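Here the structure comes first, spelled out in structure tokens, and everything after it is commentary.
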Amino acid sequence: MIEKHIQHIGISFFGLLGLFWLFGCGTAARESDPYRFPGEIHLKNIRMLTHGGENAEAYFSFSEKQLIYQATTGQLHCDQIFVMNLDGSGKRMVSTGRGRTTCSYFLPGDSLFIYSSTHLADSTCPPPPDRSHGYVWQLYSTYDIFLARVSDGKILSRLTTTPGYDAEATVSPTGDKIVFTSTRDGDPEIYTMNLDGSEQRRLTFARGYDGGPFFSWDGQKIVFRASRPTTPEELKDYQELVQHDLYRPTTLEIYVMDADGKNIRQVTHFGKASFAPFFHPDNRRIIFASNVNSADPRNFDLYMINEDGTGLEQITFNETFDGFPMFTRDGKHLVFASNRFNEKPGETNIFLADWVDAPSSE
């Protein structure tokens with residue numbers, strides 16, 4: 001599960017720059033691409049697919065004709081799973097409407113999907129994280145991963161049965177494996193399993209949180225976010241929180257490993273919060289969300305970096321939140337979640353953009 005970051009748009013140098021661009025020489029561009037900010041040269045024709053509520057983690061079907069995502073909208077009190085067409089039409093809930101859900105993903109053929117849910121423990125929403133510990137994420141131990149049918153949402157099987165948090169599941173583009181995060185061994189670690197839940201195997205073993213994994217397009221690598229507490233104070237804080245299924249996400253770095261868990265290497269060294277990494281179809285570059293260039297820890301933008309840690313480039317320039325990016329297989333489109341241009345504070349919407357890999361100018 002990934003906690004949603006809620007920010008408010010404030011007035012700053014970049015806000016004034018945006019006003020200049022809106023009312024000055026960039027008026028025509030603003031009118032033709034109303035959801036695009038100055039500097040976002042890799043994005044064009046940005047479309048808002050949802051309008052209101054909290055919508056996040058939208059991922060393409062294998063055919064790339066639909067998106068599956070989680071949302072708290074309307075009368076819902078916590079996230080449920082929805083699908084929609086690429087133009088935002090045809091929205092419908094495909095989870096049970098009970099408990100809290102997260103991290104949904106299509107399986108090959110697009111008739112089945114996986115997601116995590118707490119509904120077996122309680123039909124109501126679980127309580128929010130205990131913020132007496134500060135800003136923390138709740139790794140609900142009642143999450144399990146389920147296989148369900150897209151047509152009617154019927155659950156066909158429960159893929160995880162071990163005690164502890166099982167969530168953050170995604171499917172390899174090659175269609176043979178699921179990768180996910182679990183606390184079954186006392187620490188948030190990354191595991192893989194077959195599409196039917198068999199052969200569950202642990203891949204990471206270092207102390208700290210390992211999660212948010214995605215396969216590369218060729219299925220040979222896994223990119224993920226991780227923390228590595230090292231000082232006595234950090235280790236003490238981490239251990240106290242993890243015993244209560246909590247995690248403090250103030251420092252997260254991007255890592256890559258082979259699909260079998262070997263050859264783990266650290267990509268970023270920012271000392272900030274970086275998450276939601278996803279490989280570009282070239283299997284060399286990684287797009288991710290981070291607050292690396294912001295004085296406000298709640299301000300996340302999208303960045304691109306080479307797998308070896310070189311070539312960092314900022315992609316979005318929104319003063320609130322941009323995250324959860326995913327490319328299409330041909331690299332021509334990007335879906336992401338954002339607080340940009342929301343009608344009410346706290347709303348997060350899903351956006352779809354054309355990707356300009358080598359822009360010539362603004």
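Since every read-out is calculated from the coordinates, none of them should be taken as a lab result. Bear in mind that the values here come from a model prediction, so they are computed numbers and not experimental data. Backbone-built Cβ (ideal geometry, glycine too); neighbour counts: all protein chains shown.
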- Message: When 1/r is averaged over all different Cα pairs and the result inverted, which Kirkwood radius in Å belongs to segment 13-355?
- Response: 20.4 Å
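Quick check: residue separation of F205 and S294 times 0.36 nm, minus the Cα distance between them. What number comes out in nm?
Roughly 28.9 nm would be gained on extension.
To the nearest 20 Debye, how big is the dipole of segment 13-355 about its Cα centre, given +1 on the beta carbon of each Lys and Arg and -1 on that of each Asp and Glu?
Dipole size: approximately 360 debye.
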- Item | Backbone HN-Hα couplings from phi across segment 35-49 [Karplus 6.51/-1.76/1.60, Hz, Gly and Pro as x] | 9, 9, 9, x, x, 8, 6, 8, 10, 8, 6, 6, 10, 8, 9
- Quick calc, K44 & K236: beta-carbon distance into FRET formula, R0 56 Å, rounding 0.05, result 0.70
- For segment 105-122, take each phi angle, set θ = phi - 60°, evaluate the Karplus expression 6.51 cos²θ - 1.76 cosθ + 1.60, and give the result in whole Hz per residue in order, putting x for glycine and proline. 7, 6, 9, x, x, 6, 8, 10, 8, 10, 6, 9, 8, 9, 5, 5, 7, 6
- Task: Residues in segment 293-318, backbone N under 20 Å from the label point at N263 (7 Å along the Cα-to-beta-carbon vector): list them, ranges by number please.
- Result: 305-311
- How much length is gained if the chain between S132 and D354 is pulled fully straight, taking 0.36 nm per residue apart and subtracting their Cα-Cα distance, in nm to one decimal? 75.7 nm
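Between L76 and K332, what is 0.36 nm times their sequence separation minus the Cα-Cα distance? Round to one decimal in nm.
Details: separation 256, 0.36 × 256 = 92.16 nm, distance 3.38 nm.
Stretched out fully, the L76 to K332 stretch lengthens by 88.8 nm.
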